[in-house]
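A quick write-up on the structure given underneath.
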Amino acid sequence: MRTIVVLALLLCGFAGQAEAACWVPRFKITWDVQNEASMSLDGGSCRVRVDRTYGTTEVHSVGVAAAARSGSTTVSGLDVIYRPRTGFKGNDSFVFALNGRRAGVTTHATVGVNVTVR
């Protein structure tokens, strides 16, 4: 009986992850340059989470620099959320910008995100 309960808990945990249907690999930001990232999703929305601090740089704001053509790109706090247009499948892209402060100096970076909607 104990084995069945443990197995059921494991299956529930994996089922919850599979339903998310959004994959964004972790990526590092290099300040003052254009960075690249990718995401893939099976529908719904996908969120890029930006850490408050990268090394010695504190991120103050995130904004959309170039919107997606086949979906919407919005910002919620320090997160960027991509949602494909209903029925869209294929490739899309967008660019978001980060503003931060390091050693009293303002710094910026952009991240170009290549999106695959399956």
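Quick note: the coordinates plus some simple rules give every number you see, no bench work behind them. Predicted model, so just to flag it, every value in this text is computed and none were measured. FYI the Cβ positions are ideal-geometry reconstructions off the backbone, even for glycines, and counts take in every protein chain you see.
Residues in segment 86-106 that are over 17 Å from the mean Cα position of the chain (by Cα) and surrounded by fewer than 17 Cβ atoms within 10 Å (Cβ to Cβ): Thr86, Gly87, Phe88, Lys89, Gly90, Arg101, Arg102, Ala103, Gly104, Val105, Thr106. Check whether at least one residue in segment 52-71 is surrounded by 14 or more Cβ atoms within 10 Å (Cβ to Cβ), under 13 Å from the mean Cα position of the chain (by Cα) and not β-branched (Val, Ile, Thr), and report yes or no. No, every residue in segment 52-71 fails to be surrounded by 14 or more Cβ atoms within 10 Å (Cβ to Cβ), under 13 Å from the mean Cα position of the chain (by Cα) and not β-branched (Val, Ile, Thr).
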